[in-house]
Every structure is written in structure tokens, then in C-alpha cells.
Amino acid sequence: MTILKLLRHLDHFKTLAPKYKTVTYKPFGFNKRMLETVASADLYVGKGATSSIAEPTFFGVPSIISGATTDIEVKTTRYFVNKVGSAMKIFKPAKIVAAIKKFVNNPELLKPYINCAIADRKNYGAEAGADFLWKVLQEKKLV
């Protein structure tokens with residue numbers, strides 16, 4: 001199905017309501033403010049693409065990685081699950097729904113993932129990039 005076909009059906013998706021009163025369901029069409037949307041989320045669910053997981057992590061938003069198709073996505077998934085600790089890998093839709101329900105009923109369970117995401121923030125930005133380059137230059141004895 002193409003994006004245009006999906007957009008034609010967006011009005012239908014807007015009429016759908018979740019069973020649970022604690023869940024807010026808001027389907028979006030094209031979103032020009034995606035970073036703000038990700039930053040305002042309590043939990044991000046998406047595939048293991050690098051920027052897909054790096055962006056919520058930067059904003060302190062925990063992630064459920066719902067799939068990884070390429071070698072890079074498999075490695076990215078391992079990195080954010082095992083090294084950073086801000087994400088969990090759940091590939092089965094029924095288990096993803098069960099996890100979301102668990103987090104809705106007990107948001108404190110997300111706290112360790114949030115803390116790991118926030119702790120990883122030091123690896124981003126101009127200063128972290130400059131420190132990384134300086135370290136490489138020193139290791140290569142170029143400075």
C-alpha cells in the first residue's frame with residue numbers, strides 16, 4: 001500500500017478508539033515536527049533503524065524495538081538493548097501490546113530505561129563529537 005493510499009484512509013484511523021481509557025491514540029499524517037512528537041512520547045515503538053532509536057534515546061524516551069531487517073539494524077538493536085540499556089527487543093506484536101499494557105499499568109517499570117537513555121545523552125552533540133575526534137587524533141599521534 002502506498003503512502004497516498006494510507007493518507008486517504010487517515011480519517012478512518014482518526015475515528016478508532018482504544019479499549020483502554022488510559023491509552024491515548026492519535027494517528028498522524030505527515031508530521032513536520034517529528035522530533036517534538038518523539039520527545040513528548042512516554043514510549044517509542046519502532047524498528048531498529050539507527051536514527052529511529054537514537055532520537056527517542058536522546059530525549060530520554062525508552063524504546064521497544066519491534067523489528068530489525070538489515071545487519072546494521074540488528075547491530076543497532078544490540079547496541080541500544082545491551083550497551084545503552086534504553087530499549088527492549090520485542091518482535092512479536094502480541095508481546096508488544098502486552099508490554100505496553102504492563103507499562104500503562106505501572107509506568108515506574110520504564111524508569112530504568114529512561115535513566116539509561118538520559119545517561120547516554122553525553123555521547124551526543126558537538127562537544128562529544130569534538131572529544132571523539134580529539135581522541136582519535138591523539139591515538140593516531142597526529143596532535
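Nothing in this text is a laboratory measurement; each read-out follows from the coordinates by a stated rule. Predicted model, so just to flag it, every value in this text is computed and none were measured. For neighbour counting, all protein chains shown are included, and Cβ atoms are generated from backbone atoms with ideal geometry for every residue, glycine included.
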Fill in the blank from the handout: The condition from (1) in contact with a helix residue (DSSP H, G or I) (Cβ under 6 Å, 6 or more places away or on another chain); (2) in a loop (DSSP other than H, G, I, E, B); (3) under 21 Å from Y20 (Cα atoms) that V143 misses is numbered (3)
Handout entry: Where V74 falls short, out of the listed (1) part of a helix (DSSP H, G or I); (2) of a type in the set (A, V, I, L, M, F, W, C); (3) touching a helix residue (DSSP H, G or I) at 6+ places or on another chain (Cβ under 8 Å)
Key = (3)
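From the set of residues in the stretch 26-47 that are in contact (Cβ under 8 Å) with a residue 40 or more places away in the chain and part of a loop (DSSP other than H, G, I, E, B), which is nearest to the chain's Cα centre (by Cα)? Give the derivation first.
Let us first name the residues in the stretch 26-47 that are in contact (Cβ under 8 Å) with a residue 40 or more places away in the chain, namely 42-43, 45.
Those still in the list that are part of a loop (DSSP other than H, G, I, E, B) too: 42-43.
Values: D42: 10, L43: 7 Å.
Result: L43.
Against the condition touching an Asp or Glu at 6+ places or on another chain (Cβ under 8 Å) and under 26 Å from G125 (Cα atoms), how does A54 come out, does it pass? Walk me through it before giving the result.
Numbers: touching an Asp or Glu at 6+ places or on another chain (Cβ under 8 Å): no; under 26 Å from G125 (Cα atoms): yes.
It is false that A54 is touching an Asp or Glu at 6+ places or on another chain (Cβ under 8 Å) and under 26 Å from G125 (Cα atoms).
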Handout entry: All positions within the stretch 84-132 that are charged (D, E, K, R), surrounded by fewer than 16 Cβ atoms within 10 Å (Cβ to Cβ) and without any contact (Cβ under 8 Å) to a residue 60 or more places away in the chain
Key = K92, K95, K102, E108, K111, K122, E127, D131
